[in-house]
Amino acid sequence: MGAIRTPRQKWIEEGLRALVAGGPEAVRVEVLAQALGVTKGGFYGYFRNRDALLSEMLDTWEHEVAEGVIEEVEGGGGDARARLDRLFAVVAASEGPVRGMTADLAVREWARRDAAVAERLRRVDNRRMEYLRSLYSSFCPDEEEVEARCLITVTLRIGSHLHAADDGRYARADVMARIRRRLLE
């Protein structure tokens, strides 16, 4: 009986973990193989080279953080407010090497130095905004208000992970819950 191959998705997830830990330069076949406890030979059964892995890492990330999240939210049905509430919950619970915020931030950092990655990031952010506009506009008739709510929603998702100030008199989770309620009014 032959050896069991490490699944392709495991290589991609480990690549994303390496990206989070040290940027695209840290995504090295030998290092990934060691982290997975396998030889690097299995890597070449799935990927031509490191660039192919990097591309598939971005494909996976792009699909999961945009269409994957939208599919999960839409699958629960309900009106736009219910779907927005579910979206907030899904995004808040997103963890792991693909959907976790650390991967999002790592891709954003990478995009600062790579035009192709920047284009993918722009596609993801545009898709996120498009989806948010479709939800907010169903109960908010003012286009400017819709745009403001979309921008606040996305900015809170990204910015809350970069904000280092102490929470002050109010717990951050409580403040975020209040903002969330206000956005759904």
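The values are calculated or read from the model by the stated rules, or taken from the named source; none is laboratory data. Predicted, not measured: the structure shown is a model, and the values here were computed from it. When we count neighbours, we look across all protein chains shown, and the Cβ atoms used for this are built from the backbone with ideal geometry, even at glycine. When the accessible area is computed, the model is the full protein with side chains, heavy atoms only, and any ligands, DNA or RNA have been set aside. Shrake-Rupley method; radii C 1.70, N 1.55, O 1.52, S 1.80 Å.
Of the residues 107, 98, 90, 117, only one is under 23 Å from residue 176 (Cα atoms) and not small (Gly, Ala, Ser); which? First the steps, then the outcome.
Values: 107 fails: under 23 Å from residue 176 (Cα atoms); 98 fails: under 23 Å from residue 176 (Cα atoms); 117 fails: under 23 Å from residue 176 (Cα atoms).
Going through 107, 98, 90, 117 in turn, just one is under 23 Å from residue 176 (Cα atoms) and not small (Gly, Ala, Ser): 90.
So, in the range 8-30, how many residues would count as being part of a loop (DSSP other than H, G, I, E, B) and surrounded by fewer than 14 Cβ atoms within 10 Å (Cβ to Cβ)?
Of the residues in the range 8-30, the ones part of a loop (DSSP other than H, G, I, E, B) are 23, 27-28.
If we keep only those that are surrounded by fewer than 14 Cβ atoms within 10 Å (Cβ to Cβ) too, we end up with 23.
Of the residues in the range 8-30, 1 are part of a loop (DSSP other than H, G, I, E, B) and surrounded by fewer than 14 Cβ atoms within 10 Å (Cβ to Cβ).
Kindly provide the set of residues from the range 43-90 that are in a helix (DSSP H, G or I), polar (S, T, N, Q) and without any contact (Cβ under 8 Å) to a residue 12 or more places away in the chain, ordered by number.
First, the residues of the range 43-90 that are in a helix (DSSP H, G or I): 43-45, 50-75, 80-90.
The next check asks that each one be polar (S, T, N, Q); those that pass are 55, 60.
Of everything in the range 43-90, just one residue is in a helix (DSSP H, G or I), polar (S, T, N, Q) and without any contact (Cβ under 8 Å) to a residue 12 or more places away in the chain, namely 55.
Can you run down the residue pairs with Cβ atoms below 7 Å, 6 or more apart or on separate chains, where the first is in the range 161-173 and at pLDDT below 85 and the partner is open to solvent by less than 80 Å² (accessible area, probe 1.4 Å)?
What qualifies is 161/101; 161/105.
For residue 109, all conditions in the list (1) in a helix (DSSP H, G or I); (2) open to solvent by less than 70 Å² (accessible area, probe 1.4 Å); (3) at pLDDT 95 or above hold save one; what is the number of the exception?
(2)
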